[in-house]
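Trainee: Before I ask anything, here is the structure I am working with.
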Amino acid sequence: MQTIQERLQKERGRKRQHRFRLLLVLFILVLLAGGLWWLLRLPSLAIGDIVIHGSQKITKQEILAMTGCTEPVNLFRVSKNTIVRRLNSDVRVNKASASYGWPPVLNVYIDERKPTLYILNGYKGYVKVDDTGLIMDTGGAIKDSLVPLLTGISCGNVYIGDMLEEPDILEVLKFMKCLSQEAKSQIAEVRLDQDRKVKVLLRYGFPVLLGPVDEVASKAELFMTVFNEFQNKRVKAEYIDLQYSKPYIKLIK
């Protein structure tokens, strides 16, 4: 017959064996999980895909490169947060977000930043800006013929990612921001003369006089009214004057 001391020792032994087996099982599970995670993150393993919505300029290869990855796509190696952070710091992007879907896919949603004007810079080249004054691109030539050119003023020596601070340029940008995309596409040039008055040159014909640059933003609604009225009509005019409350049209005789 076992004594109380022997029974206690035997019970402690069973508990030690149970803890040992439990630790062994946990160790094996950790090894298996680590091995599986290592296998799932192999660069050569294709798991899922990346689908870009809202942009044709930013490619899947660029998205992968933001997290140091290449094709084939392995979503276990791709960082969603890194992609969103990098895209939101890209001057081509206004706003970006991402979410996972099923079957395994990372949907990347991009709202592209739209150029508003080309402006001469201090290097005798041009900068492309959005309606907030952010420099999107610089170069020696105008690359996008559909983006209007602002003349009569330059923005000095600026770089991609800089924000313009010239008051006259910002006033013109406020005016452009209020226009429809169709109206913007029909403007070839916005001209600022020596008296700081603004003239808009339309692609299909006559110029539009807007008046002093510090009042030009308030003329956007009137400009859109006139634009919508005449865009589908063949009006033979020397110019349209919007400097006053009532538009004046100077017809070609």
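The values are calculated or read from the model by the stated rules, or taken from the named source; none is laboratory data. Here the structure is a predicted model, which means the values were calculated and not measured. With ideal geometry, Cβ positions are generated from the backbone for all residues, glycine too; neighbour counts draw on all protein chains shown.
Trainee: Out of GLU165, GLU171, GLU182, I need the residue that is in a loop (DSSP other than H, G, I, E, B), under 30 Å from the mean Cα position of the chain (by Cα) and touching a residue at least 24 places away in the same chain (Cβ under 8 Å). Which one?
Mentor: GLU165
Trainee: Test ASP144 against the stated conditions and say whether it is in contact with a Pro (Cβ under 7 Å, 6 or more places away or on another chain) and either at pLDDT below 95 or assigned to a loop (DSSP other than H, G, I, E, B) (or both).
Mentor: yes
Trainee: Would you check if ILE160 is in contact (Cβ under 8 Å) with a residue 40 or more places away in the chain, within 27 Å of SER89 (Cβ to Cβ) and crowded, with 18+ Cβ neighbours inside 10 Å?
Mentor: Answer is no for this residue.
Trainee: Still on this structure, I have one more. Given the condition modelled with pLDDT of 90 or more, more than 17 Å from the chain's Cα centre (by Cα), more than 15 Å from ILE52 (Cβ to Cβ) and not β-branched (Val, Ile, Thr), answer yes or no: does some residue in the stretch 105-117 qualify?
Mentor: no
Trainee: Can you find, within the stretch 48-85, the residue that is farthest from GLU112 (Cα to Cα) among those that are among the hydrophobic types (A, V, I, L, M, F, W, C) and assigned to a helix (DSSP H, G or I)?
Mentor: PHE76
Trainee: Of the residues that sit in the stretch 130-141 and are of a type in the set (A, V, I, L, M, F, W, C) and touching an Asp or Glu at 6+ places or on another chain (Cβ under 9 Å), which one is nearest to LYS177 (Cα to Cα)?
Mentor: LEU134
Trainee: I would also like to ask the following. Any chance the stretch 86-94 includes a residue that's part of a helix (DSSP H, G or I) and either closer than 22 Å to LEU45 by Cβ or touching a strand residue (DSSP E or B) at 6+ places or on another chain (Cβ under 6 Å) (or both)?
Mentor: Yes, the conditions are met somewhere in the stretch 86-94.
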